[in-house]
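K.L.:
A single structure is presented below for examination.
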């Protein structure tokens, strides 16, 4: 295997693992704000109990996100130095803004929540959770802006340097509001809210199934179901807008997502299927002319297919096709479970539906899988470009890094990430098994830990 392929595998592994945590923390941030606002407004001890519990879960997820995210910046310099030189001006500004406006805000006020506890008072507590949530969302904004620029670059000029061409910003706001940025940002944020919501749903369903912490579980579940009922229709709208932008700015990606080969013909909308790139055919269950109808309102409208483009500009088809349809399938499962959950919760019979509670427990994986598949679709579908239309992936890696070095680091990362995953599962399970504090407890939200280990262990008595 060559260095380029190994570097791509390594980056895919590390970013896929890291991408488990930021959407979860962004989504949980919304719930911290809602729970904090309910406690501030009602003064009920139940909402204080709920808020305290989910702050601890948020802290664990946030710590894992930091531990796994640091690797990405180093990889840009070690494995992708040519790319880093090319986009340094663009990425430097976006990542600097992410650090200034997001990381310090989120981490700083999370520390206030964890170490300040009840000393803050209800109002300052609410302000702190609000700023933590804003910090998490600011992080998503700047990272999505940087990635969207790779998809639809704008506000730049190409400057020749002694080290090769370099993209430099000519209009900062044109770079920020590049054609796909805001639609993709909305799509990412809603996906993150669903990720946080289904974590809350899963844990709450577990408690209901076991008959433990019932009032806590019902309170958490009620808010989560309300949020998913709002977000799922909104995500459908933004998903449709995202497809339209892909059709306009990245037609090869759209053709790959739908396995559409004919150079100029109506495009079917596949519900599921399999792509045969050798014979340039796609087999499966499809709505004839369905994609043409969604894009143009006419089932007979032609859509550019893969054969309309040069062979060297066509992405691998199978991954975007399966990733896109898998993501939609996960969305359908989330929508169905939300509808069933709302129906039986408001009827007061959810606890009797053990099959549904089990489904809701396992549903914690559906948004995570959808996020992974969506990321794979977006990134693989952009190939062979690392910056669409400007730089090919094959020209972006570090020429001085050998295959042996990448293999060794890949093995090390795999081992470390498996250990981190085991630690995360252990600590998360420990917190779930321990459950929320007694509703009349008066100690701080997380106590003042004696050590870092205490911070992510069980709360002290």
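Since every read-out is calculated from the coordinates, none of them should be taken as a lab result. Only a predicted model underlies this, so the values are computations on that prediction, with no experimental measurement involved. Don't worry about glycine lacking a Cβ; one is built from the backbone with ideal geometry, like all the others, and counts go over all protein chains shown.
K.L.:
Hey, how many Å between the Cα centroid of the stretch 77-132 and the Cα centroid of the stretch 353-372?
P.N.:
Each part reduced to its Cα centre gives a spacing of 30 Å.
K.L.:
Now a separate question. Run the helix sum for the chain: -39,500 (n - 2.57) per DSSP H stretch of 4+ residues, divided by residue count, reported at 222 nm to the nearest 500 deg cm²/dmol. Please list the in-between numbers first.
P.N.:
Numbers: 16 runs with 312 residues, N = 461.
Dividing the helical sum by the residues of the chain leaves -23000 deg cm²/dmol.
K.L.:
Suppose we take every Cα in the stretch 259-334 and form the convex hull; what volume per residue is that in Å³?
P.N.:
Convex hull volume per residue, Cα atoms: 89 Å³.
K.L.:
Rg/Rh for the stretch 307-425 to two decimals, with Rh computed the Kirkwood way over all alpha-carbon pairs.
P.N.:
1.15
K.L.:
Also, I was wondering about something else. Angle check, please: helix 214-249 long axis (alpha carbons) against the longest principal axis of the chain (alpha carbons), in degrees 0 to 90, nearest 10.
P.N.:
The angle comes out at about 10 degrees.
K.L.:
What is the packing order of peptides 422-434, 184-196, taking the mean over residues of other C-beta atoms within 10 Å and listing the highest first?
P.N.:
So the order, starting with the most tightly packed, is 184-196, 422-434.
K.L.:
Separate question: Quick one: angle between helix 45-78 and the longest Cα principal axis of the chain, in degrees between 0 and 90, rounded to 10, please.
P.N.:
30
K.L.:
Still on this structure: P(r) tail for the stretch 186-401, what percent of Cα pairs lie past 32 Å? It would help to have the intermediate numbers written out before the result.
P.N.:
On the way: 7220 of 23220 pairs.
Counting every Cα pair in the stretch 186-401, those more than 32 Å apart make up 31 percent.
K.L.:
Report the normalised scattering of the stretch 197-314 as log10 I(q)/I(0) at q = 0.14, 0.18, 0.22 Å⁻¹, calculated by the Debye formula with identical scatterers on the alpha carbons.
P.N.:
-0.68, -0.86, -1.14
K.L.:
Which FRET efficiency, nearest 0.05, do residue 45 and residue 264 yield, Cβ-Cβ r, R0 56 Å?
P.N.:
0.30
K.L.:
Let me ask something else. Could you put 98, 257, 248 in order, starting from the residue whose Cβ has the fewest other Cβ atoms within 10 Å?
P.N.:
With the fewest neighbours first, 98, 257, 248 line up as 248, 98, 257.
K.L.:
If you average over every viewing direction, what projected area does the convex hull of the Cα atoms of the stretch 1-125 give, in nm²?
P.N.:
Directional mean of the projected Cα hull area for the stretch 1-125 stands at 8.8 nm².
K.L.:
Taking only the alpha-carbon positions of the stretch 165-247 and ignoring solvent, what does the Debye formula give for the base-10 log of I(q)/I(0) at q = 0.14, 0.21, 0.25 Å⁻¹?
P.N.:
With one equal scatterer per Cα and no solvent, log10 I(q)/I(0) is -0.63, -0.92, -1.08.
K.L.:
For a distance above 13 Å, tell me the whole-number percent of Cα pairs in the stretch 383-426 that qualify. All intermediate terms of the calculation are to be shown ahead of the outcome.
P.N.:
On the way: 639 of 946 pairs.
Pairs farther apart than 13 Å: 68 percent.
K.L.:
Let me ask you something else. Using Cβ counts within 10 Å as a stand-in for footprinting exposure, how do 283, 83, 270, 296 rank, fewest first?
P.N.:
283, 296, 83, 270
K.L.:
Could you tell me the ratio Rg/Rh of the chain? Both radii from Cα atoms, Rh via Kirkwood.
P.N.:
Reported Rg/Rh (Cα atoms, Kirkwood Rh): 0.99.
K.L.:
On to the next question. Looking at the chain, send over the antiparallel percent of its DSSP beta bridges, to the nearest 5.
P.N.:
If I count the DSSP bridges inside the chain, around 100 percent turn out antiparallel.
K.L.:
Still on this structure: Could you tell me how many cubic angstrom of Cα convex hull volume the stretch 92-243 has per residue? It would help to have the intermediate numbers written out before the result.
P.N.:
Details: hull volume 23.9 nm³, N = 152.
Taking only Cα atoms, the stretch 92-243 has a hull volume of 157 Å³ per residue.
K.L.:
Now for a different question. I'd like the orientation of helix 21-42 relative to the chain: the angle between its Cα long axis and the longest Cα principal axis, in ° from 0 to 90, rounded to 10.
P.N.:
Orientation of helix 21-42: about 40 degrees from the principal axis.
K.L.:
If you rank 129, 406 by fewest surrounding Cβ atoms within 10 Å, what's the result?
P.N.:
By the 10 Å Cβ count, ascending: 406, 129.
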